[in-house]
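See structure below.
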Amino acid sequence: MNLEVFRNYSLQHLKKDILSGIVVGIIAIPLGLGFAIASGISPVTGLYTTIVAGLLIAILGGCRFQIAGPTGAFVPVLLGIVLQYGYENLLIAGFMSGILLIIFALCKVGALIKYFPSSIIVGFQSGIALIIFSGQIPNFLGLHAIDKFQFFHLNIKEIFGNLHFINIYSIATAGLCLATILIVLYFSPKSLGMSYLLGIIVSTGLASFFFANQFETIGSIYGEIPRHFPAPAFPDITVERVVTLLPSAFVIAILVGLQSLLTARVADEMTKSKHSSKKELIGQGIVNMVTPMFSGIPAAGEIARTVTNIKNGASSPIAGITHAIFVLIVLLVLAPYASYVALASLAPVLMVVAWNISKKEQFAKVIKEKSFHSLVLLTTFSLTVFTNLTVGIGVGLCLCGVHFIVKKSQEKQKLLRKTG
């Protein structure tokens, strides 16, 4: 933690930091549960990740406003790893990504973020948003027992093949949650996090009163959420696992680095401050090495929670620390009650998150250009959705590389013709 941020720090600053941390903590709880479930793992792992990542990045990160935790961008990647290799290997991949992030930081890779093509970023974020949104359709419709697949088109096929099993009570519960979120946002557009919490509470409460036992809850599918924090345990790493999981770890590291540094850049623009990309990557590296020891999944700086932190008056890492402590207290005191939350209530929350991270305006703008960047965006988007994120980003970068070489070659030929 940079102690310089506490110069001229006052009691008023402390009050604002604590208040902001509590607000962000309220937002982080349903998102932590939802992202873990969407990734195919136990919901409580999302809370463990929120606590560990939130605390460590506040202390070790390079941006004093950064809030770290599980994010929507990781959902399709983590689900793919879980389906292919299992949860234990996901923890190892996350640990390896932490090591890679520290290597990136020492090699000053963070300085290259400003050169990363925006068409690729918009393309893969829009693809991820579509995958998250479509992945919540089964929970919205009450199709909790259907199989999950690594590929988008197979999941859509599975949904259509099981439409005759839809649960009208789940649809009603999800509809109540979505309506509550939209009503809250209509009257208070800045209360996004509070709208999530109210949506879950109102919809689950009304559903339990009017048609109890007619819909699935977190507890009925995953069991009761334990009211304790796990003891640390080092992942069982072998050479064979390292070789197998290296590509997955590399993708996670790239995602963590991109998302964290882009979020830090947004924080800089909002607060007229300046983050340290090297320190941020090292901090995120340590975070992703430590979270697997507490059964946590990969984490990164998250833009919605970081922006909320800033808008609520945060001025130091104390806000991030408060957010982590608040989630820990909720886990230790109220965890059993989370087991009663309807799974259908979480679906609209993640759907709204997907809508907000979809980059829809930028997507439409680049497409209208009908330029090379439009081709890169559509290619990255399509491959992210129908294959995976690694292929999407890889092919997008290759296209940009080829375009750069061709462009430079044409410029050189023009120069030779002029001088000749």
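The values are calculated or read from the model by the stated rules, or taken from the named source; none is laboratory data. Keep in mind that this is a model prediction, so the values were computed, not measured. No Cβ is skipped: glycine too gets one built from the backbone with ideal geometry, and neighbour counts run over all protein chains shown. These area figures cover heavy atoms from the full protein model, side chains too; ligands, DNA and RNA do not enter into them. Shrake-Rupley method; radii C 1.70, N 1.55, O 1.52, S 1.80 Å.
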(request) Note down the relative contact order for the chain as a percent, whole number, built from C-alpha pairs under 8 angstrom at least six residues apart. (result) 36
(message) As a test of the definition: which semi-axes, in Å, follow for segment 129-220 when you take the square root of five times each eigenvalue of its alpha carbon gyration tensor? Largest first, please.
(response) 25, 18, 10
(message) With the cut-off at 1.5 for a/c, could you classify segment 3-126 from its C-alpha gyration tensor as rounded, prolate or oblate?
(response) oblate
(request) For segment 95-247, give the magnitude of the charge dipole about the Cα centre (Cβ charges: +1 Lys/Arg, -1 Asp/Glu; no others), in debye to the nearest 20. (result) 500
(request) Give, as a single signed number, the net charge of other residues whose beta carbon lies under 15 Å from the beta carbon of Leu245, with Lys and Arg counted +1 and Asp and Glu -1. (result) -2
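What Kirkwood radius, in Å to one decimal, follows from the Cα pairs of segment 221-331? Each step should come with its number before you reach the end.
Values: mean 1/r = 0.0617 Å⁻¹.
Value: 16.2 Å, from the Cα pair sum.
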(request) Return the long-range amide H neighbours of Ala300 (sequence gap of 5 or more, or a different chain), with a cut-off of under 5 Å between placed amide H atoms. (result) Gly69, Thr71
(request) Name the long-range amide H neighbours of Thr217: under 5 Å, sequence gap of 5 or more, or other chain; modelled H, no Pro or chain starts. (result) Leu343
(request) Show which lysines lie in cross-link reach of Lys274 when reach means a straight Cα distance below 18 angstrom and same-chain residues fewer than eight apart are skipped. (result) Lys108, Lys114, Lys311
(request) Would you mind working out the accessible area per residue for the chain, using a 1.4 Å probe, and quoting it in Å²? (result) 47
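Taking every eigenvalue of the Cα gyration tensor of segment 60-176, multiplying by 5 and rooting it, what semi-axes result, largest first, whole Å? The partial results should precede the final answer.
Details: eigenvalues 235, 57, 43 Å².
So the equivalent ellipsoid measures 34, 17, 15 Å along its semi-axes.
Add +1 for every Lys or Arg and -1 for every Asp or Glu among the other residues with Cβ under 15 Å from the Cβ of Tyr340, and state the total. Walk me through the numbers before you get to the answer.
Details: positive: Arg227; negative: Glu216, Glu224.
In short, -1.
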(request) Per residue of segment 360-373, in order, report the coupling 6.51 cos²θ - 1.76 cosθ + 1.60 (Karplus, θ = phi - 60°) as ³J(HN,Hα) in whole Hz, putting x for Gly and Pro. (result) 4, 5, 5, 4, 4, 5, 5, 4, 5, 5, 6, 10, 4, 5
(request) For Leu154 and Ile405, compute 0.36 nm times the residue count separating them, minus their Cα-Cα distance, and round to one decimal in nm. (result) 86.6 nm
(request) Go ahead and set up a Gaussian network model of the chain, Cα springs under 10 Å, then flag whichever of Phe149, Phe187, Phe386 fluctuates most. (result) Phe187
(message) Working only with C-alpha atoms, what are the Rg and Dmax values of the chain, expressed in angstrom?
(response) 21.8, 85
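How much length is gained if the chain between Lys274 and Val242 is pulled fully straight, taking 0.36 nm per residue apart and subtracting their Cα-Cα distance, in nm to one decimal?
Values: separation 32, 0.36 × 32 = 11.52 nm, distance 3.57 nm.
Contour length minus Cα-Cα distance gives 7.9 nm.
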(message) What does the C-alpha gyration tensor say about the overall shape of segment 197-271? Classify as rounded when a/c is under 1.5, otherwise prolate if a/b is larger than b/c, or oblate.
(response) oblate
(message) In 10 Å bins starting at zero, report the fraction of Cα pairs in segment 262-420 per bin as a rounded %.
(response) 8, 20, 31, 24, 11, 4, 2, 1
(message) Taking θ = phi - 60°, what integer Hz values does the Karplus form 6.51 cos²θ - 1.76 cosθ + 1.60 yield along segment 171-188, in sequence order, with x for Gly and Pro?
(response) 4, 5, 5, 5, x, 4, 5, 4, 4, 4, 4, 5, 5, 4, 5, 5, 8, 9
(request) Working from the alpha-carbon coordinates of segment 47-102, get Rg over Rh, Rh being the Kirkwood radius. (result) 1.00
(message) I want the local charge near Ala68. Using Cβ-Cβ distances under 13 Å, sum +1 for each Lys or Arg and -1 for each Asp or Glu among the other residues.
(response) 0
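How big, in percent, is the set of alpha carbon pairs in segment 300-370 lying more than 16 Å apart? Write out the running numbers ahead of the final one.
Numbers: 1733 of 2485 pairs.
In whole percent, the long-distance tail amounts to 70.
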